[in-house]
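What follows is a single structure, written as structure tokens, with notes after it.
The values are calculated or read from the model by the stated rules, or taken from the named source; none is laboratory data. This one's a predicted model, so the numbers in the text were calculated from it and none came from an experiment. Virtual Cβ from ideal backbone geometry, glycine too; neighbours counted across all protein chains shown.
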Amino acid sequence: MGRVGVAFSAGLNASEIVDCARLAEELGYDSVWMAEGHGGDQFAVLAAVAAQTERVALGTCISSVFVRSAPTIAMSAAVVDQLSGGRFILGLGSSHKVQVEPEHGVPYAKPVTRVRETAEVVRRLLRDGRVSFQGETVSIENYELWFQPFRPSLPIYFSGVFPKMMGVCGEEADGLIMVFTTLDTGAEARRHIVAGAERAGRDASAVDVTSLIPTAAADDPTEAFDALRPGVAMYTGFFPRYNRVAVDQGFGEEAATIAEAWARGDHDAAIRAVSDAHIDSVCIAGTPARCKERIAAYHASGIDLPMIAPMAAGPDARAMVETTIRACAPN
């Protein structure tokens, strides 16, 4: 089996994530990733993981360029990189207008430009120790680090689900982070990365193609599919971007039903509207053997690093996550 990562978002507390990260390292996972949102501060969690692991790479999937300033992101990345001995990967993205504005009170505009300018500020600050920058979305008169970063540069991945951002990854990023990908997405993403790399005179093969894949393993496949249904409903119903992805993937009628139910507050109806076919298309669900077959298929489809994203909630969440991590283990 090729490289496999594991990503955490919600359902576990910080200490439980650290324990599961240690398990993932023992079982041969390539990397451990932490999402941003309501599941805990990603840099703090990854700093704790850094202290308890030795080999796995550590990444953010993703850090929103709107809810943290560019220098704050650079400092946080440099600290985790130092604590981990140079194992850190900074995943950057724009997040979503439906989160950034109502939840954080920050205006959301020119997301692609903001990602690019934030990455440039981070690179300059790590390399030079200070930065002055005047861009369209980021303006910094002067900022100076009061410590020496462990590395003068570190890998920066961009999130992307549509062709424009995939092309930007080819132009500037070290990797692409996708989510809700089918077995057709990897090849499509690679085409856009190649086009972007050609525009910038870069080597497209150096861009790591990764994807967050919601995952649940159980001896009873129905249990695994049911564990993933609420997450697919929430993403499809709440986020316009992922609703559009579902439409593009051929689940247009289902996506509309889910979004309508979610908008009126009937989350149970939205969950019931998620089909097994939809889950099987963009997730990894089923028995341990089936999960490993799906990971292999994602590798074969052109995704360099599938990141399983165990989805679990409630009092049994940790046991469910550990079961999934063990079932999908590379070793």
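Observations on the structure shown:
- Of all residues in the stretch 123-165, those being under 11 Å from residue 78 (Cα atoms), assigned to a loop (DSSP other than H, G, I, E, B) and in contact with a helix residue (DSSP H, G or I) (Cβ under 7 Å, 6 or more places away or on another chain) number 7.
- Residue match in the stretch 115-124 (condition: under 19 Å from the mean Cα position of the chain (by Cα) and among the hydroxyl-bearing types (Ser, Thr, Tyr)): yes
- For the stretch 291-311, a residue qualifies if it is farther than 14 Å from residue 183 by Cβ and not aliphatic (A, V, I, L, M), and the qualifying residues are 291, 292, 304, 310.
- Options 199, 190: the member that is touching a residue at least 60 places away in the same chain (Cβ under 8 Å), out of contact with any Ser or Thr (no Cβ under 7 Å at 6 or more places or on another chain) and basic (Lys, Arg): 190
- When residues of the stretch 242-256 are limited to those that are crowded, with 17+ Cβ neighbours inside 10 Å and farther than 16 Å from residue 276 by Cα, the one nearest to the chain's Cα centre (by Cα): 242
- Residue match in the stretch 55-62 (condition: in contact with a helix residue (DSSP H, G or I) (Cβ under 8 Å, 6 or more places away or on another chain) and modelled with pLDDT under 95): no
- Conditions (1) surrounded by 13 or more Cβ atoms within 10 Å (Cβ to Cβ); (2) within 28 Å of residue 7 (Cα to Cα); number of the one not met by residue 131: (2)
- Scanning the stretch 14-45 for residues that are closer than 30 Å to residue 97 by Cβ, modelled with pLDDT of 95 or more and either assigned to a loop (DSSP other than H, G, I, E, B) or touching a Gly at 6+ places or on another chain (Cβ under 8 Å) (or both) returns 14, 17, 31, 32, 33, 34, 35, 41.
- Subset of the stretch 100-128 [at positive phi and either in contact with a Pro (Cβ under 8 Å, 6 or more places away or on another chain) or in contact (Cβ under 8 Å) with a residue 24 or more places away in the chain (or both)]: 110
- The residue that is farthest from the chain's Cα centre (by Cα), among those in the stretch 55-114 that are of a type in the set (Val, Ile, Thr) and assigned to a strand (DSSP E or B), is 89.
- Residue, nearest to residue 12 (Cα to Cα), within the stretch 298-331, restricted to residues that are charged (D, E, K, R) and either touching a residue at least 24 places away in the same chain (Cβ under 8 Å) or buried (at least 19 other Cβ atoms within 10 Å of the Cβ) (or both): 318
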